[in-house]
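I have placed the structure first, in the form of structure tokens, so that the comments after it can refer back to it.
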Amino acid sequence: MTSQDDLTEYDQAREQMVRNQIEARGIADPLVLAAMRQVPRHLFVPVEMRDSAYRDAPLPIGEGQTISQPYIVALMTEMLELTGEERVLEIGTGSGYQAAVLSLLAREVYTVERLPTLARRAEELLYQLGYHNVHVRVGDGTLGWSEYAPYEAIIVTAASPDIPPPLLDQLADGGRFIAPIGPRWTQTLVRVRRKGDKFHREHLTSVAFVPLVGEHGWNEGDSFLRRLLG
Ligand code: SAH
């Protein structure tokens, strides 16, 4: 098969993904749909998984971590109500896929990853693919990234028992925050909207994310145990 054929097949698979998994489940924001149509998800998964990249499922990306299911990426992105002007903070860079989607819908994306190998790989790929408004940092994202705060939107793509307080401190007035919150194996997507000093919380849907490991998340031992069992 020529690389031209490959390209076309992935493009077709991506179009099917958007129609059958994302539009069909009610995602309607045209900007979100356009971004999901554009980002080449197959380049963000390990080479041997490329043919599975457009399936309706999360996939392993190494180091015991996963790239989220396409629908969940689209849903969380839509919940942030981006217009193109925002500074967005993402916690949990992983493959860099969610950051790439966000980068098409916001002015700047700041993303924090705890594991240096994943952070470096994502940073390099995002740069190669031309997503130059994404800034990657290695560190404990439960502390946020105070240097560029406040953020009009904050998304956490790993699960914690409670909302890490530093993240709400770094949310701009009028800003939107979204994260999977709850116990180990299943959580609820929680959206918080800031109005001055008030934080309005909404509970959306059930999800299952890998753990957020850090000062305001789970501790390292929990993570090891989870990997051992999972
Ligand atoms: N958004 C990613 C998927 C993230 S998987 C994507 O599009 O591919 C969750 C990621 O969160 C993992 O890479 C994990 O290492 C990272 N993570 C866990 N705890 C973290 C923390 N305290 N700070 C930053 N990243 C963290």
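The values are calculated or read from the model by the stated rules, or taken from the named source; none is laboratory data. Please read all numbers here as calculations on a predicted model, not as lab measurements. FYI the Cβ positions are ideal-geometry reconstructions off the backbone, even for glycines, and counts take in every protein chain you see. Surface accessibility is based on the protein's heavy atoms, side chains included, excluding ligands, DNA and RNA. Shrake-Rupley method; radii C 1.70, N 1.55, O 1.52, S 1.80 Å.
Of the candidates V207, V192, V136, the single residue that is open to solvent by less than 20 Å² (accessible area, probe 1.4 Å) and within 14 Å of the ligand (Cβ to nearest atom) is V207. The set of residues in the stretch 46-60 being surrounded by fewer than 21 Cβ atoms within 10 Å (Cβ to Cβ) and not in a helix (DSSP H, G or I) consists of P46, R55, D56, A57, P58, L59, P60. Kindly indicate whether L171 is closer than 20 Å to R114 by Cβ and either within 16 Å of the ligand (Cβ to nearest atom) or in contact with a Phe, Trp or Tyr (Cβ under 7 Å, 6 or more places away or on another chain) (or both). Criteria not met by L171. Within the stretch 117-135, residues that are β-branched (V, I, T) have Cβ atoms under 6 Å from residues that are open to solvent by less than 30 Å² (accessible area, probe 1.4 Å) in these pairs: V134/A99; V134/S103; V134/V109; V134/L126, counting only partners at least 6 apart in sequence or on another chain. Scanning the stretch 139-168 for residues that are assigned to a loop (DSSP other than H, G, I, E, B), within 11 Å of the ligand (Cβ to nearest atom) and not hydroxyl-bearing (S, T, Y) yields a total of 6. For the stretch 66-124, the set of residues classified as within 21 Å of V192 (Cβ to Cβ), in a loop (DSSP other than H, G, I, E, B), β-branched (V, I, T) and open to solvent by less than 10 Å² (accessible area, probe 1.4 Å) is empty. Based on this model, can you work out whether T66 counts as at pLDDT 95 or above, β-branched (V, I, T) and within 16 Å of I27 (Cβ to Cβ)? Criteria not met by T66. Scanning the stretch 210-225 for residues that are surrounded by 20 or more Cβ atoms within 10 Å (Cβ to Cβ) and not in a strand (DSSP E or B) gives V210, L212, G214, G217.
The set of residues in the stretch 33-43 that are open to solvent by 10 Å² or more (accessible area, probe 1.4 Å) and within 16 Å of R121 (Cβ to Cβ) comprises P40, H42, L43.
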